[in-house]
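We did not get these values from a lab; they are worked out from the coordinates using the rules stated. Since we're looking at a predicted model, the values are computed, not measured. Here Cβ is always computed from backbone atoms with ideal geometry, including for glycine, and neighbour counts include all displayed protein chains.
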Amino acid sequence: MALTLFPVITINRGSIMQKNVGSADKIVRIVIGLGLLGFALLSDSPARWWGLLGVVPLLTAALGNCPLYSILGMSTCPASARK
């Protein structure tokens, strides 16, 4: 029996970046993302930099994959569209 210092990581090529964001979820993410970016661009308050977080929901909507959903095993995407 061999002792390994690093854990072995197996990646199933078919499940990397599997879609888990459905249509309605994408629309909500786009609206929230644009709202936050709009706040960042139009606000004069020192808190406007928090508006740059709007990039995150826009990216997850564009990619169709939410890393947090993957960790939690969630999906709002119909089973037929998960490819």
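For segment 17-81, the Kirkwood hydrodynamic radius comes to 12.4 Å, computed from all pairs of different C-alpha atoms. Relative contact order of segment 17-81: 50 percent, from C-alpha pairs under 8 Å at least 6 residues apart in sequence. A Förster radius of 25 Å, combined with the Cβ-Cβ distance separating residue 30 from residue 74, puts the computed FRET efficiency at roughly 0.85.
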